[in-house]
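First up is the structure itself, then whatever we jot down about it.
The values are calculated or read from the model by the stated rules, or taken from the named source; none is laboratory data. Please read these numbers as outputs of a predicted model, since none were measured by experiment. Here the Cβ positions follow ideal geometry from the backbone for every residue, glycine too, while neighbour counts run over all protein chains shown.
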Amino acid sequence: MSILKERLSDVMELPPETPQPNVYPLSWQSHTAKLQEVWEASLRENWDPEKLPWDTLDLDSYSWEERESIAYWWTLLSVFDASAPPVFAEALVKTYEVHEEDPVRKCFFSVTRDEQNHEIMCGLAITKFLGHPDPLTYEPKTELGKRLQKNARWLYYNGGRYWTGYKSAVPRYDLAVLFSSFLMGEIAAATIFKQMFDNSRELVFKEAFRNIGRDEGRHMAICMAVMERDYPKMGPDNKSVITKQIRAGYLFLSAVLFEPPMDFWDLPADFIDNQREAEEVARGAGFGIPTYEAKKENWRNAIINLKGVLDRYNIPFPAIPEVDITGEEVSDTEMDDIIPVF
Ligand SMILES: [Fe+2]
Ligand SMILES: [Fe+2]
């Protein structure tokens, strides 16, 4: 143990100012009533994936191709949702470092908890449907299952590339900028889980999608409330970062909400065909993955909603020609710039 050379308390009546940013605010300011409401809703609406009606699930009513196809969709989702708990935990730390008001800290805590629930749900579905807790070391039973595992490996590789970039991006950007990326994921997620709920037959999945969709709706409300608070006073530098972020977020999130753009995602040529085949099999088994057209429509609507929000604050929107949206060209999209979350 080292001995303090200079004991300030011997020579000073009060301690010196603590250098900022300091990770803990001794302060519980509350200015945004909406955020307090969302926090309270998150407590009321808490759910436990392990307590869903798993006993109603009859695995023998599914063929192995169906089981592997449904597990594949959950694997695809978990490429995003299994990274969401650490991603939001990092953002939660930031809310403390910058001494955000108390309801913002609480809301970020709730998002972190929700995303872990989503990740737990992915794990339960995969483990039940494959009879194995890990889609990468599982031994496929069918030929389609083999190709899907190859897809899963490539997805995992791609998703793993952005954590380092994200960690270095969080301290660089204001929370206001981070929120634009979060909002993109939340808008789209809230819609896709609604569709999955409407179109799925299995009770345990319906329940899960109902809960996840409601969680994502709250996440969206959090983003909107913080944007309403901060965007009116935002400077032009942050605005142009947001334009770039939205383009990057589109490319990243397309993999789960639409289809992965191949110039951004490093995936083999047969990837899309395998995935489409699995989605068809899963749909046939009553698992409600939207069709290509429905996904495109959903994604386009989410983007138009987001554009509506950003237009209000005069933030230029990027061109997204993939879903017929014109705007500012953003070309130098790099993994480093990505702060998307689902
Ligand atoms: Fe989520
Ligand atoms: Fe979310």
If I filter region 31-45 down to residues being of a type in the set (S, T, N, Q) and over 18 Å from the mean Cα position of the chain (by Cα), which single residue comes out as nearest to Thr112 (Cα to Cα)? Gln36
With respect to the numbered conditions (1) of a type in the set (D, E, K, R); (2) part of a helix (DSSP H, G or I); (3) crowded, with 18+ Cβ neighbours inside 10 Å, which one is the sole condition not fulfilled by Asp273? (3)
Whether any residue in region 280-290 is under 29 Å from Phe179 (Cα atoms) and among the basic types (Lys, Arg) is what I want to check. no
Which residue out of Glu119, Glu66 is within 13 Å of ligand 1 (Cβ to nearest atom), acidic (Asp, Glu), surrounded by 18 or more Cβ atoms within 10 Å (Cβ to Cβ) and assigned to a helix (DSSP H, G or I)? Glu119
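Conditions tested, residue by residue: (1) within 16 Å of ligand 1 (Cβ to nearest atom); (2) more than 21 Å from the chain's Cα centre (by Cα); (3) closer than 18 Å to Asn158 by Cβ.
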{"position": "Leu175", "(1), (2), (3)": "no, no, no"}
{"position": "Ser181", "(1), (2), (3)": "yes, no, yes"}
{"position": "Phe197", "(1), (2), (3)": "yes, no, no"}
{"position": "Asn211", "(1), (2), (3)": "yes, no, no"}
{"position": "Arg214", "(1), (2), (3)": "yes, no, no"}
What is the one condition in (1) surrounded by 20 or more Cβ atoms within 10 Å (Cβ to Cβ); (2) more than 30 Å from Gln275 (Cα to Cα); (3) within 14 Å of ligand 2 (Cβ to nearest atom) that Ala84 does not satisfy? (2)
Check on Ile242, over 15 Å from Leu35 (Cα atoms) and part of a helix (DSSP H, G or I): yes
Restricting attention to region 130-163, report how many residues are within 30 Å of Lys94 (Cβ to Cβ) and in a helix (DSSP H, G or I). 6
Quick one: Ser110 ticks every box in (1) within 30 Å of Phe205 (Cβ to Cβ); (2) surrounded by fewer than 18 Cβ atoms within 10 Å (Cβ to Cβ); (3) among the polar types (S, T, N, Q) except a single one, so which number is it? (2)
Might you check whether a residue that is part of a helix (DSSP H, G or I), of a type in the set (Val, Ile, Thr) and at pLDDT 90 or above occurs anywhere in region 283-291? no
Only one of Glu322, Glu259 that is at pLDDT below 90, surrounded by fewer than 20 Cβ atoms within 10 Å (Cβ to Cβ) and under 26 Å from His219 (Cβ atoms): Glu322
Count of region 164-176 residues which are part of a helix (DSSP H, G or I) and surrounded by 13 or more Cβ atoms within 10 Å (Cβ to Cβ): 6
Are any residues in region 85-116 among the aliphatic types (A, V, I, L, M) and part of a helix (DSSP H, G or I), and if so, which ones? Val87, Ala89, Ala91, Leu92, Val93, Val104, Val111
Looking only at region 6-44, and only at residues there that are outside any helix (DSSP H, G or I) and charged (D, E, K, R), the one that is nearest to Val98 (Cα to Cα): Glu17
Criterion first (under 14 Å from Ile192 (Cβ atoms), free of Cβ contacts under 8 Å to residues at least 24 places away in the same chain and either in contact with a helix residue (DSSP H, G or I) (Cβ under 9 Å, 6 or more places away or on another chain) or part of a helix (DSSP H, G or I) (or both)) does Glu297 satisfy it? yes
Report every pair of residues separated by at least 6 positions or lying on different chains whose Cβ atoms are under 7 Å apart, first residue within region 32-58 and within 22 Å of Glu207 (Cβ to Cβ), second in a loop (DSSP other than H, G, I, E, B) and not hydrophobic (A, V, I, L, M, F, W, C). Leu57/Glu202
